[in-house]
Amino acid sequence: KPVWQQFFIYIGNVVQGDLGVSLTYNRAVTLMITEAFAVSFDVGIRSICFAFIGGVLLGTLAAIKRGKAADTVAMIIALLAVSVPSFVVASILQYFLGLKLYQATGMRIFAITGWEGFTSHILPVVALGFGSLATISRLMRTSMLDVLGQDYIKTAKAKGLSQSGIIFKHAMRNAIMPVVTVSGSMIASTMVGSFIVENIFNIPGMGKYLVDAVKTSDYTMIMGMTAFYAIVMIVMMFLVDILYMLIDP
């Protein structure tokens, strides 16, 4: 058929959830994404939890200890995490914590490949979440410094509230809003965009299929995963808008 007819047929199929058939695997792309997304979702959620908790705490600590050693160390860690790609972090973790530590101790503390058991989860989660942790910590530090200078924080101090009470009950709730702003796209990209790290650690997620598709010019798989990524991104941005209301009514 003419190209314009092919295009509209494809769009009509996509609307109905039919992303075509993989040229490499000769299977429905929708079915393959459904099977693989569960693993990629698991990897992504663990990574974003690590990044969010670590980033918020690191950024808050840096703001509280502004100009001191803790602030300097936190920002150096953040700078390194932003500068080094996730696949480099993954390779370094594999080499030193997976291989060298095993050679030194004779104990397999961290699994180098796979996604079975707790020991195989640690290195991929850290490698994937390290960059997001840095972004969150820098945002949190800047926002927390701004909030700590507000009048209501000074009033809380004047009332004799403890520092921990001021930070966790008053300051953090407002300081975390910029982090929530970027969290939608960050969660989506972490859950779906972990294909390089997944390949390095041989994790059976969407990454394996996408990299294979690029190598073999399997355009139906590439287009299907791109469309799926777009849908996930839209859903996450919608959920972030709802989260605004819950955090700050």
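The values are calculated or read from the model by the stated rules, or taken from the named source; none is laboratory data. Everything numeric here is computed off the predicted structure, so don't read it as measured data. Here Cβ is always computed from backbone atoms with ideal geometry, including for glycine, and neighbour counts include all displayed protein chains. With ligands, DNA and RNA removed, areas are computed over all heavy atoms of the protein, side chains included. Shrake-Rupley method; radii C 1.70, N 1.55, O 1.52, S 1.80 Å.
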What number of residues within the stretch 14-53 satisfy the criterion of being free of Cβ contacts under 8 Å to residues at least 60 places away in the same chain and open to solvent by less than 50 Å² (accessible area, probe 1.4 Å)? 2
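Out of all the residues in the stretch 90-103, is one or more more than 30 Å from Ala171 (Cα to Cα), of a type in the set (A, V, I, L, M, F, W, C) and touching a helix residue (DSSP H, G or I) at 6+ places or on another chain (Cβ under 6 Å)?
yes
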Scan the helices (runs of 4 or more DSSP H) fully inside the stretch 192-249 and keep the ones with 3 or more residues being under 20 Å from the mean Cα position of the chain (by Cα) and more than 28 Å from Ile122 (Cα to Cα). 219-247
Taking Phe8 as the residue in question, decide whether it is more than 29 Å from the chain's Cα centre (by Cα), aromatic (Phe, Trp, Tyr) and open to solvent by 20 Å² or more (accessible area, probe 1.4 Å). yes
Can you tell me which residue is nearest to Ala38 (Cα to Cα) among those in the stretch 187-209 that are touching a helix residue (DSSP H, G or I) at 6+ places or on another chain (Cβ under 7 Å) and open to solvent by 30 Å² or more (accessible area, probe 1.4 Å)? Pro204
Cβ-Cβ distance below 9 Å, separation of 6 or more or different chains: which pairs start in the stretch 73-93 with a residue that is closer than 22 Å to Glu198 by Cα and end on one that is among the hydroxyl-bearing types (Ser, Thr, Tyr) and in a loop (DSSP other than H, G, I, E, B)? Ser86/Ser194
Given the criteria without any contact (Cβ under 8 Å) to a residue 40 or more places away in the chain and either open to solvent by less than 10 Å² (accessible area, probe 1.4 Å) or touching a strand residue (DSSP E or B) at 6+ places or on another chain (Cβ under 9 Å) (or both), does Ile153 qualify? yes
Matching residues in the stretch 84-96 - criterion: being open to solvent by 80 Å² or more (accessible area, probe 1.4 Å) and within 16 Å of the chain's Cα centre (by Cα): Phe87
Mind telling me which of the residues Gly129, Gly117 ends up being small (Gly, Ala, Ser), more than 19 Å from the chain's Cα centre (by Cα) and either in a helix (DSSP H, G or I) or surrounded by fewer than 14 Cβ atoms within 10 Å (Cβ to Cβ) (or both)? Gly117
Would you please name the residue that is nearest to the chain's Cα centre (by Cα), looking only at residues in the stretch 171-186 that are closer than 18 Å to Met245 by Cβ and open to solvent by less than 10 Å² (accessible area, probe 1.4 Å)? Gly184
Restricting to the stretch 137-181, name every residue that is of a type outside the set (Ser, Thr, Tyr) and not in a helix (DSSP H, G or I). Gly149, Gln150, Lys159, Gly160, Leu161, Ile176
Residue identified as in contact (Cβ under 8 Å) with a residue 40 or more places away in the chain and either more than 29 Å from Gly184 (Cβ to Cβ) or of a type in the set (A, V, I, L, M) (or both) among Ala127, Ala70, Ala111: Ala127
